[in-house]
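Structure, as C-alpha cells:
The values are calculated or read from the model by the stated rules, or taken from the named source; none is laboratory data. Since the model is a prediction, treat every value here as computed from it, not as a measurement. As a convention, Cβ positions derive from the backbone with ideal geometry for all residues, glycine included, and neighbour counts pool all protein chains shown. When the accessible area is computed, the model is the full protein with side chains, heavy atoms only, and any ligands, DNA or RNA have been set aside. Shrake-Rupley method; radii C 1.70, N 1.55, O 1.52, S 1.80 Å.
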Amino acid sequence: MTIKSFEGKKAPYICTPLTGKTKEDVLKQVENVVQQSPDLIEWRADFFTDLGSTDAVVELIEEIKHKTDIPLLFTIRSVNEGGEAISLNEEAKVQLIQEICRKTTVELVDYETANEAVYVKEVCKAAKDNKKQIILSYHNFSRTPDNAEIEERAKKAEALGADIVKFAVMPEEKADVLRLLEVTKKIDNALQAPVVSMSMGDIGGLSRIIGWAYGSIITFGVGVESSAPGQIPAGKLRQAIKQTQELIPSWE
C-alpha cells in the first residue's frame with residue numbers, strides 16, 4: 001500500500017501506534033492492534049529499549065511484518081517533539097533510519113523537519129532510494145503557532161522532499177482547533193504532497209474526527225497505549241468518523 005492521495009477515499013487512514021519497550025511487548029501489542037484492523041501501524045521505536053542494536057531493530061520489524069500485512073510506519077520521535085529519551089545521538093539515529101530503509105520492508109518512515117538540513121536530506125535520500133515514503137513532520141506540544149508559521153513549515157517540508165507533510169500542534173483554546181482545521185485546508189490546496197494534521201490534547205480531539213474533511217489523510221487512534229495526548233481509541237475513532245460522514249455527507 002502506498003499513500004499517494006486522498007482521492008476516492010471516504011475516510012482517513014487510521015493509524016495506531018506501537019509503544020512497547022521490549023520485543024515481547026511490541027509483538028503482543030501487534031496482536032492486539034491487528035484485531036482492530038487499522039489502515040496503518042506506527043512503530044514508535046523511541047520507546048524500544050534495544051534501539052541501539054540495529055540488528056535487533058531490523059529483526060523486530062521483520063517479525064512485525066510477518067504477523068501482518070498492514071503497512072508499517074517507522075518513527076523515532078525526538079525528545080524535543082514529544083518522543084522518549086534514547087541513547088543515540090542524531091547522527092547515529094539517522095544511520096539507523098538509513099539501515100531500516102535499506103534492510104527492511106517498512107513502507108513509510110517519519111523524520112522531523114526541525115532537524116539539521118543535512119540529516120533531513122540524508123533520510124529523504126535513503127527513503128527514496130529504497131522506495132519508502134517519507135513523512136516530514138513538525139510537532140509543537142506547547143502551542144498552536146500562527147497560520148503563517150504553520151504554512152511556512154509545511155511548504156518547507158514539501159521542498160525538502162516530503163511524500164507526506166505532517167504537523168501536530170497543541171491548542172490553548174477551542175479557537176486554535178478550528179484555526180488548525182482551516183489552515184490544513186489551505187495547505188492541502190497549496191501543496192502537491194498529501195497533508196496530515198491534528199490538534200493534540202483533549203480539546204483537539206475534534207480534529208482527529210473531522211480533519212479528513214479539511215484534507216488530512218491520516219488520523220491517529222489508540223491501539224493499546226497512546227503515543228500522544230488526545231488520541232482516541234481506534235474503534236471509537238472509526239465509529240465517530242463514520243457517524244460524522246453520515247450526518248454531513250456533503251463533505252465526502
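Residues that are in contact (Cβ under 8 Å) with a residue 40 or more places away in the chain, open to solvent by 40 Å² or more (accessible area, probe 1.4 Å), on the phi < 0 side of the Ramachandran plot and part of a helix (DSSP H, G or I): does segment 136-143 have at least one? Looking for residues that are in contact (Cβ under 8 Å) with a residue 40 or more places away in the chain, open to solvent by 40 Å² or more (accessible area, probe 1.4 Å), on the phi < 0 side of the Ramachandran plot and part of a helix (DSSP H, G or I), one finds none in segment 136-143, hence no. Residue count for segment 197-207, restricted to those that are surrounded by fewer than 24 Cβ atoms within 10 Å (Cβ to Cβ) and touching a Gly at 6+ places or on another chain (Cβ under 9 Å): 4.
Considered as a group, the residues in segment 123-135 that are assigned to a helix (DSSP H, G or I) and open to solvent by 70 Å² or more (accessible area, probe 1.4 Å) include one that is nearest to Leu73 (Cα to Cα), and that residue is Lys128. On inspection, Ile86 passes the criterion of being farther than 26 Å from Arg238 by Cα and in contact (Cβ under 8 Å) with a residue 40 or more places away in the chain. Taken together, the residues in segment 204-234 that are modelled with pLDDT of 75 or more, among the small types (Gly, Ala, Ser) and farther than 21 Å from Asn189 by Cβ amount to 3. Among residues that are acidic (Asp, Glu), open to solvent by 80 Å² or more (accessible area, probe 1.4 Å) and in a helix (DSSP H, G or I), Glu182 is included.
Taking the stated definitions as given, is Ala159 part of a helix (DSSP H, G or I), open to solvent by 80 Å² or more (accessible area, probe 1.4 Å) and modelled with pLDDT of 95 or more? In short, yes. Put simply, of Glu122, Glu99, Glu107 the only residue that is charged (D, E, K, R), closer than 17 Å to Asp46 by Cα and either out of contact with any helix residue (DSSP H, G or I) (no Cβ under 6 Å at 6 or more places or on another chain) or without any contact (Cβ under 8 Å) to a residue 60 or more places away in the chain (or both) is Glu99.
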